[in-house]
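Worksheet for the structure shown next.
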Amino acid sequence: MSVPWRKRPHLSLSFRPAQERRPGIVTPALLRFSSNLDLLPEIFQMTAPVSKPDDPALLRIEGPIATITLNRPAAFNAINLAIAQRLEQLAAYIEGADAIRVVVLEGEGRAFCAGGDLQTIGAAAEAGTVTPVVGELLKHYHAFIEIVRRMPKISLSSVHGSAAGAGMGLAFVTDLCIAAEDAKFTPAYAKIGVSPDGGSTVGIVGTVGSRRALQIFLAEDNFTAQQAYEWGLVAKTVPATELKAATRQLAERLAQNPPAAIAGTKQLVYQAATTAVKQQLDAEEHKIIMAMNTEAFRAAVKKFTSKGK
């Protein structure tokens, strides 16, 4: 992407490897710029993206908790190119924002997310342009999913109403999910003759295993929040009227964990199933020693050992 420049500012660059500041997550080195910042593109300024009321996805930051709200309520938050691009942008910012520890994903209106925008996709199929249209949509949406899975933050989906197709995938590709008791999950893919996308197999198979996943995708018209809880896909169910408050409470509880604990635990858990025992043990040793070299650990140990004295 080319960015117009009014004039070329002088830049002094310094590099600091990301793993030094985000234990357990290896990401590209961060650039620090010393310049006249008003001349630089927004992406380099690392300022929070401004959300306008009609944006397809909104960002709200409250202390260590960032909330992304899908904002196409008239379309039940169906995912089109605009929402996919916006989600990728917001996730990229959150990944680099050190103060954020927890990311909440929610939907505006009557549904969490109805999945891919079938009006757009159907029109492309009729016109014979489905390959470039869906390819461009998934390029941005899958980039968003990749960031959510790798970022050294805990992601929490807060589901109400319907979560269908890619919306169901989004609910379960996050690290944790809390749902209203009357929420409904609908695989939807097989009914329209396609296979899953949008991270659906990433989040579900790793949680329930291959046999249950095949059941969900091929033999279930829909399933309830209670079933999802019993299968381990949902961490907690609450009455619909209590969902926002319960989501906030859980997010605040998660945000109490120091960054090194969140980053190291998340990476270790996700790599455990595919990593040899010796390699996983070495990784555990590396991550815990890195965490023990933080001020958060020293303060926690001092508090623990001073009890009863």
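Can you confirm whether region 66-84 contains a residue that is part of a strand (DSSP E or B), more than 17 Å from ALA166 (Cβ to Cβ) and out of contact with any Asp or Glu (no Cβ under 8 Å at 6 or more places or on another chain)?
Yes, there is a match, as at least one residue in region 66-84 is part of a strand (DSSP E or B), more than 17 Å from ALA166 (Cβ to Cβ) and out of contact with any Asp or Glu (no Cβ under 8 Å at 6 or more places or on another chain).
Which of the strands (runs of 3 or more DSSP E) found entirely inside region 151-208 contain at least 3 residues meeting this: touching a helix residue (DSSP H, G or I) at 6+ places or on another chain (Cβ under 9 Å)?
Values: elements: 154-159, 162-164, 176-180, 184-186.
Fully inside region 151-208 and qualifying: 154-159, 176-180, 184-186.
Restricting attention to region 192-241, and to residues there that are charged (D, E, K, R) and touching a residue at least 24 places away in the same chain (Cβ under 8 Å), which single residue is nearest to ILE154 (Cα to Cα)?
Here the answer is LYS236.
Which of the residues that make up region 169-206 are under 18 Å from THR237 (Cβ atoms) and open to solvent by 70 Å² or more (accessible area, probe 1.4 Å)?
Passing the criteria: GLU181, ASP182, LYS184.
THR69 - would you say it is farther than 25 Å from ALA245 by Cα and either at pLDDT below 95 or touching a strand residue (DSSP E or B) at 6+ places or on another chain (Cβ under 7 Å) (or both)?
Values: farther than 25 Å from ALA245 by Cα: no; either at pLDDT below 95 or touching a strand residue (DSSP E or B) at 6+ places or on another chain (Cβ under 7 Å) (or both): yes.
No: the conditions fail for THR69.
What residue, among those in region 217-245 that are part of a helix (DSSP H, G or I) and in contact with a strand residue (DSSP E or B) (Cβ under 7 Å, 6 or more places away or on another chain), is surrounded by the most Cβ atoms within 10 Å (Cβ to Cβ)?
Across region 217-245, the extreme among qualifying residues is ALA228.
For ARG298, which of the numbered conditions (1) touching a Ser or Thr at 6+ places or on another chain (Cβ under 6 Å); (2) at pLDDT below 90 fails to hold?
With (1) touching a Ser or Thr at 6+ places or on another chain (Cβ under 6 Å); (2) at pLDDT below 90 applied to ARG298, the lone miss is (1).
The values are calculated or read from the model by the stated rules, or taken from the named source; none is laboratory data. No experiment lies behind these values; they were computed from the predicted model shown. Heads up, the Cβs are rebuilt from the backbone with ideal geometry, glycines too, and the neighbour counts pull from every protein chain shown. Protein only, heavy atoms only, side chains kept; ligands, DNA and RNA dropped before computing areas. Shrake-Rupley method; radii C 1.70, N 1.55, O 1.52, S 1.80 Å.
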